[in-house]
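One structure is given below, encoded as structure tokens.
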Amino acid sequence: MAKTIIPIRAQGALAPVRAAPFTGGTLADTRGRRMHDLRISVTDRCNFRCVYCMPREVFDASYRFLPHGAILSFEEIARLARVFVGLGVQKIRLTGGEPLVRRDLPRLIELLAPLGAELTLTTNGSLLARHARALKAAGLHRVTVSLDSLDDATFRAMNDADFPVAKVLEGIEAAREAGLGPVKVNMVVKRGVNDGEIERMADFWRAKGAGTIARFIEYMDVGSTNGWRTDDVVPSAEIVRRISARWPLEPADANYEGEVAERWRYKDGAGEIGVISSVTQAFCSSCTRMRLSTEGALYTCLFAQGGHDLKALVRGGASDEALRNEIAAVWQAREDRYSEIRTAQTAKGRKVEMSYIGG
Ligand code: SAM
Ligand code: SF4
Ligand code: SF4
């Protein structure tokens, strides 16, 4: 079993542990969950300072982001991704930090596209208008854009970078035009901050038609820096109730097993919304996601306190077979179910930051 645990912010490579050979067959963890999705954080840096993710008091001018030599190169990422796909991963999402601040990202997409997995990207949209066409040409399938408010003042305050809504809307439009749709638009709902805008957000994207899908995310206790409190969470049941009061909704089937968002369809046929209820309705029992951090550590849960160092193996000359055995062993030992056992106490625990592990 792999035991190479690295701390919240890895300070260097730890010695790799030799994993037992994976003999094939269905790869499942201790709760019978398959490994289906891989989220890759391509940078821990971001041009926003969203209050719920990278609060400026912590991520200020003195904050030390990872140096270039510590982060995986595109070739290292692509090599690992190939091993993951060989183990059953069918969907790869690039994230961060803000993935589009990493230079030349389309080159990574060109390396990943031939693997055959579905390729998606989560972005704050700020640089999307500039890059949408190149991303599509490189082989990206779809994008998800985060947009917490349509009210310019609220949005600027939430991203804490004084970034205007209009530019993100331009990015979403560019993505649609480039063929990267349907674009999912994620709104993290925080009580007392932007919850007054739930209906407006639903209306706006409903009116746009099939090219976009609004999704509402419960504010989570990721990391240790955002000062999360239960009272800040707006339960998705309340979100669905409020939107349904305006435009009646009915539940829709998941697109695939382990889909994070719960789908709701407008009864009048005008599209759908999604809600992600990570706090009020934990979905750990169907969680099929593995995460690869910016510096090559493997995390089996968004709320993990440590990761497994793959970079040491990659840079130490490990064969593809050794990587495959290591990854399989990490997955087979996986027991995570943080959201099912979340309490006010666990929420206060020291956890890896979302900008580092990838959302
Ligand atoms: N920078 C990109 C973006 O914002 O889309 C990608 C990385 S971001 C960490 C990925 C997703 O995580 C975003 O949709 C963001 O809104 C969400 N997120 C970050 N912190 C969160 C929190 N505390 N609770 C819920 N969602 C969060
Ligand atoms: Fe940056 Fe995305 Fe985190 Fe906002 S949510 S600070 S855009 S990484
Ligand atoms: Fe998956 Fe961990 Fe989230 Fe549960 S808490 S759904 S195991 S990432």
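The values are calculated or read from the model by the stated rules, or taken from the named source; none is laboratory data. Given the structure is predicted, the values throughout are model-derived calculations rather than measurements. In this analysis, Cβ positions are derived from the backbone assuming ideal geometry, glycine residues included, and neighbour counts consider all displayed protein chains. For the accessible areas, the whole protein counts, side chains as well, though only heavy atoms, and no ligand, DNA or RNA atoms are used. Shrake-Rupley method; radii C 1.70, N 1.55, O 1.52, S 1.80 Å.
Quick grid of which residues meet (1) open to solvent by 10 Å² or more (accessible area, probe 1.4 Å); (2) within 11 Å of ligand 1 (Cβ to nearest atom):
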residue: Ala157; (1), (2): yes, no
residue: Ala175; (1), (2): no, no
residue: Gly179; (1), (2): yes, no
residue: Glu218; (1), (2): no, yes
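For the range 163-193, a residue qualifies if it is among the small types (Gly, Ala, Ser) and in a loop (DSSP other than H, G, I, E, B), and the qualifying residues are Gly179, Gly181, Gly192. Sub-7 Å Cβ pairs linking a first residue in the range 114-126 that is away from ligand 1 (no atom under 16 Å from the Cβ) to a second residue that is in a loop (DSSP other than H, G, I, E, B) and open to solvent by less than 20 Å² (accessible area, probe 1.4 Å), at least 6 apart or interchain, are Ala117/Val89, ordered by first then second residue. For the range 109-125, the condition holds for at least one residue, the condition being that it is farther than 30 Å from Val330 by Cβ and surrounded by 23 or more Cβ atoms within 10 Å (Cβ to Cβ). Scanning the range 185-211 for residues that are crowded, with 20+ Cβ neighbours inside 10 Å and either of a type in the set (A, V, I, L, M, F, W, C) or within 22 Å of Gly139 (Cβ to Cβ) (or both) yields Val185, Met187, Val188, Val189, Ile198, Met201, Ala202, Trp205.
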